[in-house]
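One structure is given here, and the rest of the page talks about it.
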Amino acid sequence: MRLSFLFLLLASSILKAQSLKDAQFYLDHSEYKIAISKFQKIKNKATKENNISTIVLATNGIADCYTDLGAYYKSNVLLKENLKLLNAEKSKNYKLLAEIHLLMAQNYDNLFFFEEYLKHINFYYKNIQKAFPKKEIYTALYYSYLGRYYNIKLQVDKANTYTETALKIYHKNKQDSNLIDVCKIYNAHSFTIRNTQIPIEKKIKYIDTLHFLINKKYPYNNIKKTKLLVSANMMYFDTAYNLSMKNDIKGKIYFDKTIAILNKAIANYNTKAGFNYDVSAKANGLKNLLYLASKDYSKSLKECNDGIRRVSENDLLNLGFASNNYHIITLLRQKHLVLDEFNKSNPQKKQQQQIIDNLLLMEKIWDRYSQDQVDVNADFMSNMYNQNPYSFLFQAYLKMFEITNDKEYLDKIHEYDEKSKYNSLLLTAYLSPKQKKEKQLLYYKRQEIYLIYNDYLLLKNNKSKRQFEIKEKLLELIKQYNQTEKKSDLFKQSRIITIKEIQKDLSSKEAIVSYLNGEIVNGNLYAKIITKNNTYFIKVNNIKNQWANYYYLKQDSLKKSIVNQDLKTFKRVSYEFYNDVFKKIEKLLPKEITHIEIIPNAEFSNLPFEALLYSNSKVNDYRKLPYLIRKYNFSYSLSSSITKLNNTKRRKLFEKMAIFSPSFDGNQLAELTLSKSKAESISNEFKATFYENKEANLKTFKTVLQENKIISVFSHGQAFTDFDNDKKGIYFTNGFLNLNEIYNLKSNCDFLILGACETGVGG
């Protein structure tokens, strides 16, 4: 009897394993309808038997199908259910937990939520180490995923270190290579070496190896293979694009090769995943860029429109929602480039309005996307891959103004100049408890819409009654969302202050000078001047070369001349700066102006306008030079709208305050004697809590950051380290707090003052 029972148990286990294997076969071959059906049957049976591990395995299979189909929100819902199931178990299945976190990480990667991606990659590694503590091969996979993260953050050196280490670990542990997806390791490193100076021949050879591995893993066509191939062929794309931009005939080989690969990818997605898959749209976007580089604008525009069609539904898109916001934003941005090229040689009002309409649609999608990002991603603002539409919109309206000379466009230029400088900031700042609740409510409503959108896309080609019902439900939910958002207090504070409102608050002696943000068309630098009675938008300067670099280099030269006490260079550069960026503006200022508020663009964020020289002086005494400060008082702000909001906020005169003055006795850093005495003096003056020497440590700072409204740190700091955030930061008595750690600190501090080296360089 006992033997019979064991036999039945074993047979049942074998059948379950075989059933899962069968379902996996259909998933591997991108037969998703059959795969989902088989996984669901296994799950239903396992649920009746309360077999948790089989439930999780089957649900993971369904979630993986949805990931391949681009239904990332739907996939994550299932994976979160699995996490709850496993975490409720007394005995933890770390292998399954690791698999779930890896699948979730991939979904967040596809949604471009990179901080969430990193979080789940770290959870994956934590669990896989517990499951297989002696299997180093999993570390290789983990490092490759970390490499991808740091590549996205533009920390190329760090990314390269991780991906190269991943390759070394893999080669050392080849006997375990069947445990992981080796293609992912090679693909991550290919992403890294795109940004290095390695000769193109070596890059191409590396890609050939990657192709071999992809074909070995997937001897048949499926979505996972196609996605990997699109990613792997980015080096071919880079070569084709760069050579096409130079009109180099050699580029034709790589151009044709890349186009062929992308066409194959699009065809495969259409066959396997339907007409809605986002990576297929990415392929359209890459084709568009190649045609744009080769100046084939008609084909370029066609690819943009095809890509947008793949991941959206027009009436849903026009309401500000898409299946994958980031891909839509990218494609609309690319469409803007094409339309702009069409209208460059002979600008026409009708064509310019088409450009504006395209950007306004991009803005709708961007607003949803940025709200989602801010809610889940604390480091959104530092992600340089995200391009907001506001700077493009004020450029477009500026061009429309130049075409029509219609002053109604001046308000639009002002609006989008303001938005380009502050809009995303206000999504996280100045929120009342009520607004925070509203923010969370809207976030959950958006998640519900995206989830149902996934359902709709999965049925998009079926033309069934169910598909129609889902679409109607979607339209109703979006309508309700837009109404709720309109009534919400959340966005009232982010209202753009109008030019008339600004003028009302100005005295006759005050002026505001705002340098317009963004990559200005044809290298023109524009500024907005607001006085009590007038508003001007003027072309300040035209830089023939790359204008941003021009100003960055000039600022660097100015800074070095001050540090090195090079009076000759200081006089020359300071006066040049005045001529470049202020002389034209000064001519328009009324004579009674004594105070100027500067709203800088990104290039001028560290430029001291008060130190500029308004004449070419022959005086060789710093004290007697003709500084602008002798003519005007200067103040600086992020935007007029932020200034207005700050002025309306009620604040207590005295808040809880702390001051830190670390000690550096015994290490390579010099003691800051003068800073320490200054810190102590301020502490006494304001009755602040004073932390010095050993008390000024990392642990105490992290605690104090949550308990004090005002904090001042007098210490050593460093920022000049390119993109490596691990080497940027500030020193405490017992260690170094880097920028990545700073981003993740919990804080209730309203005002942090840093008295250190390199605190004003914008690093």
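Residues checked against (1) closer than 11 Å to P662 by Cβ; (2) modelled with pLDDT under 85; (3) assigned to a strand (DSSP E or B):
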| residue | (1), (2), (3) |
| --- | --- |
| N684 | no, no, no |
| Y691 | yes, no, yes |
| K702 | no, no, no |
| D722 | no, yes, no |
| F736 | yes, no, yes |
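In this structure, does F634 turn out to be without any contact (Cβ under 8 Å) to a residue 40 or more places away in the chain and either in contact with a Gly (Cβ under 9 Å, 6 or more places away or on another chain) or assigned to a strand (DSSP E or B) (or both)? Yes; evaluated as a whole, the condition is true for this residue. Assessment of region 165-180 against the conditions (assigned to a loop (DSSP other than H, G, I, E, B), in contact with a Leu (Cβ under 7 Å, 6 or more places away or on another chain) and crowded, with 16+ Cβ neighbours inside 10 Å) yields at least one matching residue.
Regarding V761, is this residue at pLDDT 85 or above and not hydroxyl-bearing (S, T, Y)?
Against the criterion (at pLDDT 85 or above and not hydroxyl-bearing (S, T, Y)), V761 does not qualify.
For every residue, the table says whether it meets (1) modelled with pLDDT of 90 or more; (2) under 18 Å from N524 (Cα atoms); (3) surrounded by fewer than 20 Cβ atoms within 10 Å (Cβ to Cβ).
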position	(1), (2), (3)
V376	no, no, yes
F380	no, no, no
S391	no, yes, no
T404	yes, no, yes
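Note on region 133-162: residues that are without any contact (Cβ under 8 Å) to a residue 40 or more places away in the chain, surrounded by fewer than 21 Cβ atoms within 10 Å (Cβ to Cβ) and hydrophobic (A, V, I, L, M, F, W, C) total 0.
Considering only region 26-35, I want to know if a residue exists there that is over 24 Å from N221 (Cα atoms) and touching a helix residue (DSSP H, G or I) at 6+ places or on another chain (Cβ under 9 Å). No, every residue in region 26-35 fails to be over 24 Å from N221 (Cα atoms) and touching a helix residue (DSSP H, G or I) at 6+ places or on another chain (Cβ under 9 Å). Every listed requirement among (1) part of a helix (DSSP H, G or I); (2) modelled with pLDDT of 80 or more is met by I512 save one, (1). Criterion first (touching a Gly at 6+ places or on another chain (Cβ under 9 Å), surrounded by fewer than 22 Cβ atoms within 10 Å (Cβ to Cβ) and not hydrophobic (A, V, I, L, M, F, W, C)) does N87 satisfy it? Judged against the criteria, N87 is not a match.
Out of the residues in region 181-205 meeting the condition of being of a type outside the set (V, I, T) and outside any helix (DSSP H, G or I), tell me which one is surrounded by the fewest Cβ atoms within 10 Å (Cβ to Cβ). Once the filter is applied, the top-ranked residue is Q197. Which one of these is within 15 Å of the chain's Cα centre (by Cα) and at pLDDT below 80: Q435, Q387? Going through Q435, Q387 in turn, just one is within 15 Å of the chain's Cα centre (by Cα) and at pLDDT below 80: Q387.
So that you can scan it fast, the table gives a plain yes or no per residue for (1) outside any helix (DSSP H, G or I); (2) closer than 16 Å to K227 by Cα; (3) at pLDDT below 95:
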residue: N76; (1), (2), (3): no, no, no
residue: L79; (1), (2), (3): no, no, no
residue: L83; (1), (2), (3): no, no, no
residue: E89; (1), (2), (3): yes, no, yes
residue: K92; (1), (2), (3): yes, no, yes
residue: L97; (1), (2), (3): no, no, no
residue: L102; (1), (2), (3): no, no, no
residue: D109; (1), (2), (3): no, yes, yes
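The set of residues in region 285-313 being touching an Asp or Glu at 6+ places or on another chain (Cβ under 9 Å) and farther than 14 Å from Y326 by Cα consists of L286, K287, N288, L289, L290, Y291, L292, K295, Y297, S300.
For A63, are the conditions met, namely being buried (at least 23 other Cβ atoms within 10 Å of the Cβ), within 32 Å of the chain's Cα centre (by Cα), part of a helix (DSSP H, G or I) and outside the structural domain of Q447 (by TED's automatic domain parsing)? Here the answer is yes, as A63 does meet what is asked. One residue is enough: does region 337-347 have a residue meeting the conditions free of Cβ contacts under 8 Å to residues at least 24 places away in the same chain and among the basic types (K, R)? So far as region 337-347 goes, yes, one or more of its residues are free of Cβ contacts under 8 Å to residues at least 24 places away in the same chain and among the basic types (K, R).
When L332 is tested against the conditions (1) under 19 Å from L359 (Cβ atoms); (2) in the same structural domain as K224 (by TED's automatic domain parsing); (3) not charged (D, E, K, R), the lone failure is (2). In the set D256, D208, D238, only one residue is under 27 Å from the mean Cα position of the chain (by Cα) and not in a loop (DSSP other than H, G, I, E, B); that residue is D238. A Cβ distance below 7 Å, combined with a sequence gap of six or more or placement on separate chains, defines the contacts here; from region 700-717, residues that are without any contact (Cβ under 8 Å) to a residue 60 or more places away in the chain and on the phi < 0 side of the Ramachandran plot reach residues that are outside any strand (DSSP E or B) and hydroxyl-bearing (S, T, Y) in the pairs L705/S747; Q706/S747; F714/S675; G717/T759. Checking region 231-252 against the condition returns no match, with no residue being under 20 Å from D109 (Cβ atoms) and in contact (Cβ under 8 Å) with a residue 60 or more places away in the chain.
The values are calculated or read from the model by the stated rules, or taken from the named source; none is laboratory data. Keep in mind that this is a model prediction, so the values were computed, not measured. We place every Cβ from the backbone using ideal geometry, glycine too, and count neighbours over all the protein chains shown.
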